[in-house]
Amino acid sequence: MRSIREPTASIRRGYRTVTLVTPAGDRVRGVAKGEDAFSIQILDMRQELRGYRKSDLTEVVREPVSLMPEFTSARLPDRDLNDIVRYLGTLRGNR
């Protein structure tokens with residue numbers, strides 16, 4: 001429930017938000033999926049995996065916020081959130 005209400009409170013590895021800035025000033029925002037000393041790969045806002053050479057970028061901005069929006073009780077009532085969490089619990093399958 002907290003992950004839905006306050007997604008920035010705890011961002012899991014593999015879901016860190018990053019914004020890449022090109023020399024033309026274009027900003028590409030997404031989730032960092034892979035990185036080494038020379039390149040970075042992100043899953044952009046259109047769910048497309050994109051790779052960049054760091055030397056071709058002006059800046060790599062690591063953001064301390066989640067891409068997932070916050071769902072406050074005004075936006076998503078507690079009753080509806082409980083229904084969603086209960087439904088998600090049915091999708092876990094056998095472990």
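Bear in mind that the values in this text are calculations on the coordinates, not laboratory data. Since we're looking at a predicted model, the values are computed, not measured. Glycine gets a Cβ as well: all are built from the backbone with ideal geometry, and neighbour counts include every protein chain shown.
Tabulated data
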{"read-out": "For the stretch 1-53: span of alpha carbons on each principal axis (Å, largest first)", "value": "39, 22, 17"}
{"read-out": "Kirkwood Rh in Å, taken over all unlike Cα pairs in the chain", "value": "15.3 Å"}
{"read-out": "Cleavage-rule hits (GluC sites (Glu not before Pro)) in the stretch 1-65: DSSP loop, at most 10 neighbouring Cβ within 10 angstrom", "value": "48"}
{"read-out": "Net charge dipole size for the stretch 1-59 [Lys, Arg +1 and Asp, Glu -1 on Cβ; Debye, nearest 20]", "value": "320 debye"}
{"read-out": "Selection from 90, 4, 15 lying farthest towards where the dipole of the chain points positive, charges on Cβ", "value": "90"}
{"read-out": "Vicinal HN-Hα couplings computed from phi for the stretch 26-34 (Karplus, 6.51 cos²θ - 1.76 cosθ + 1.60; Hz; Gly/Pro x)", "value": "5, 10, 10, 10, x, 10, 5, 10, x"}
{"read-out": "In the stretch 1-30, trypsin sites (Lys or Arg not before Pro) in a DSSP loop with at most 15 other beta-carbon atoms within 10 Å", "value": "12, 13"}
{"read-out": "Mean residue ellipticity (222 nm) of the chain, computed from DSSP H runs ≥ 4 via -39,500 (n - 2.57), nearest 500", "value": "-5000 deg cm²/dmol"}
{"read-out": "Within-15-Å neighbourhood charge of residue 74 [Cβ basis; K, R +1; D, E -1]", "value": "-1"}
